Amino acid sequence: MAIKEIFPHPTVTQVIFQIRFPNLLFLEGKMGDFQLKIMKQFPESNVVFRRQFAWIDVGPKVQLGEIRDTQEKEGGAGQKIWQFVSPLGLQLNVLTNSLDIVSTQHKTYDLDGEVKFREIIKNVVDNLLEVVSIPIFQRIGLRYIDNCPVLKKTNASFRRYYNSTFPLSRFDISTVTEMDFKVLTKRNNYGLRYVESLQKSNDKDVLVLDFDAFANNIAPNEYLKVTDDLHRFISDEYDQTIKEPVRAFMRKRGAGSSEPG
């Protein structure tokens, strides 16, 4: 069941939305019109050049959509990116063949009471479609990355917090430095790459949950419905992975830390 609660201290650290489309060489000439339409929400703007960029599975320790760019004088070598930033810290990147929105302040996709990521997506993509005719979205992707608490590094405590895929009956978590699990699956023609990764963050053990859902070859007028479906797909999987102590932790950070291990 999709989560219907806004948590004061969510485990999510980054949310990324991306659309890919055929390379539109004329898009540069439309960027001024697009900028005017989104300027109220994304007042900061810049043009950068990226030497290399690949939206691929690079593992849970590297953020999908991570930009390794070199800011050079305009006209230098590389792929041009129109970059916009909101006062809330949202980053919007537009290339001639893709658009992505990155949030590190995410609280909710579509629930009332906080800034809705869905509304941001709709505003940006609708405005893009008003100024640019895009025949098809070759890929729509939605990715959530969560840093979840490991308050006591014992099998009993870990199982109390998570419905994990880790083989704890074979490898006692108290003896493990790192542990990773990855699966690529499908549901109703949508794909999902699911990753669990036990890591260290600021000298603390964390469970990184990485949900990357996607759909291919979508008509532009169907993009929002598909994105809603991808969100539900991820939300269902997250809800099945965490247990009540994690929800208590998010309602009041640190709740449950005194539980026996």
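The values are calculated or read from the model by the stated rules, or taken from the named source; none is laboratory data. This one's a predicted model, so the numbers in the text were calculated from it and none came from an experiment. Cβ coordinates were reconstructed from backbone atoms using ideal geometry, including for glycine residues, and neighbour counts include every protein chain displayed. With ligands, DNA and RNA removed, areas are computed over all heavy atoms of the protein, side chains included. Shrake-Rupley method; radii C 1.70, N 1.55, O 1.52, S 1.80 Å.
Key figures
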quantity	calculated
Spin-label proximity, residue 97 to the stretch 218-232 - amide N less than 17 Å from point 7 Å beyond Cα toward beta carbon	218
Sorted peptide list for 140-150, 115-125, criterion being average Cβ within 10 angstrom, highest first	140-150, 115-125
Inter-label distance for residue 217 and residue 85, nm, one decimal - labels placed 7 Å from Cα along Cα-to-Cβ	4.0 nm
Largest-first ordering by accessible area, 1.4 Å probe, given options 40, 80, 204	40, 204, 80
Paired Rg and Dmax values of the stretch 136-261, which use every Cα atom, in angstrom	16.6, 54
FRET efficiency, 1/(1 + (r/R0)^6) with R0 41 Å, evaluated for residue 45 and residue 187 via beta carbons	0.60
Relative contact order %, the chain, counting alpha carbon pairs below 8 Å whose residues are six or more apart	24 percent
Separation between Cα centres of the stretch 152-182 and the stretch 1-32, rounded to whole Å	31 Å
Spin-label model distance (nm) - residue 6 vs residue 171, 7 Å beyond Cα toward Cβ	3.9 nm
Most to least packed among 90-99, 159-168 [average Cβ atoms within 10 Å]	90-99, 159-168
The chain: Rg to Rh, with Rh as the Kirkwood radius over Cα pairs	1.00
Reachable lysines from residue 152, criterion Cα separation under 19 angstrom, eight or more residues apart if same chain	200, 204, 243, 252
Exposure of residue 169 as accessible area (Å², to 10), given a probe of 1.4 Å and all protein chains	110 Å²
Residue-level accessible surface for residue 12, protein heavy atoms, 1.4 Å, Å²	20 Å²
